[in-house]
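The values are calculated or read from the model by the stated rules, or taken from the named source; none is laboratory data. Computed from a prediction, not measured in an experiment: that's the story for all the values here. In this analysis, Cβ positions are derived from the backbone assuming ideal geometry, glycine residues included, and neighbour counts consider all displayed protein chains. Remember, those area values only see protein heavy atoms, side chains included, never the ligands or the DNA or RNA. Shrake-Rupley method; radii C 1.70, N 1.55, O 1.52, S 1.80 Å.
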Amino acid sequence: MRSALTRLGAAAAVAALLTSCSGGNDGGAGTNEPSGLSASEVCRGGFAEDAAATAALKAVMGGGRLYDGLAKSEPDKALEELRKASPEQWAESYRPQPRRYCWIWPAGDGGSDKDLKIELSPAKSAPGLSPDHAKKVTSYASGLQAYASSGFSRIYFSCRMKAPAHEIVVETVVQGPAGIPDADPDQRTRLIALANAAARQVSKELGCEKDGLAVGVPSPTAHPTS
């Protein structure tokens, strides 16, 4: 009898231990386990790994835990199209279709007005800005041309790859969450920091030489004219 009671007591102790490890009756998910990814893990695991980009992404998204919609993005196809791009063969009116490199939104919130998209496309050149356009954005020193509003940021940078051995221009666009006031200068700085971080990662993946991209957060500069 004593042996049987001993076995029952041991079994109860093991069951209690397993229950405490699994977080109780929550299906094993754990009550303290955060959902989503950290800012440094999203977008191919390195896009926002430096402190400035991590802080910018957290501020833009309103929190540190994020979802990464890679299933609805085409990072590999975007990079492959950039490798194959040859602007000399484009017709005057031709504009390549942008490809989504990353799609990010806050963990626990599926609202499309709070997401952030990064898109890539080859370009013929950095187009400059018209006087009317220049009034609506802030320009920054990075690549060939960089500018941002409170809703988006855009960077053009040159890329000469070893193979194929010709130079292209890469357009990197960040579409930020909706509803941010146009006069918010901090949001513009955050979005250009993210576009610059994404452009630097793309440049690294492509093996670009002399891309002219800023290290860290780009500084405001005078507007380039078209």
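Conditions tested, residue by residue: (1) at pLDDT below 95; (2) surrounded by fewer than 19 Cβ atoms within 10 Å (Cβ to Cβ).
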residue: G179; (1), (2): yes, yes
residue: T189; (1), (2): no, no
residue: A195; (1), (2): no, no
residue: G207; (1), (2): yes, yes
residue: G212; (1), (2): no, yes
residue: G216; (1), (2): yes, yes
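Has segment 129-152 got at least one residue that is touching a residue at least 60 places away in the same chain (Cβ under 8 Å), surrounded by 23 or more Cβ atoms within 10 Å (Cβ to Cβ) and aromatic (F, W, Y)?
Checked segment 129-152: at least one residue is touching a residue at least 60 places away in the same chain (Cβ under 8 Å), surrounded by 23 or more Cβ atoms within 10 Å (Cβ to Cβ) and aromatic (F, W, Y).
Which of the numbered conditions does S121 fail, given that it passes all the others? Conditions: (1) crowded, with 22+ Cβ neighbours inside 10 Å; (2) touching an Asp or Glu at 6+ places or on another chain (Cβ under 8 Å); (3) under 24 Å from K210 (Cα atoms).
Only one criterion is unmet by S121, namely (1).
Wholly within segment 81-200, which strands (runs of 3 or more DSSP E) include no fewer than the required count, namely at least 1 residues that are over 29 Å from R65 (Cβ atoms)? Even if it seems obvious, please write down each step before you answer.
Numbers: elements: 99-106, 116-123, 138-140, 145-148, 152-160, 167-175.
Ranges flagged: 116-123, 138-140, 145-148, 152-160, 167-175.
Check off (1) open to solvent by less than 30 Å² (accessible area, probe 1.4 Å); (2) over 16 Å from A85 (Cβ atoms); (3) in contact with a Leu (Cβ under 6 Å, 6 or more places away or on another chain) for M161 and give me the number that stays unchecked.
(2)
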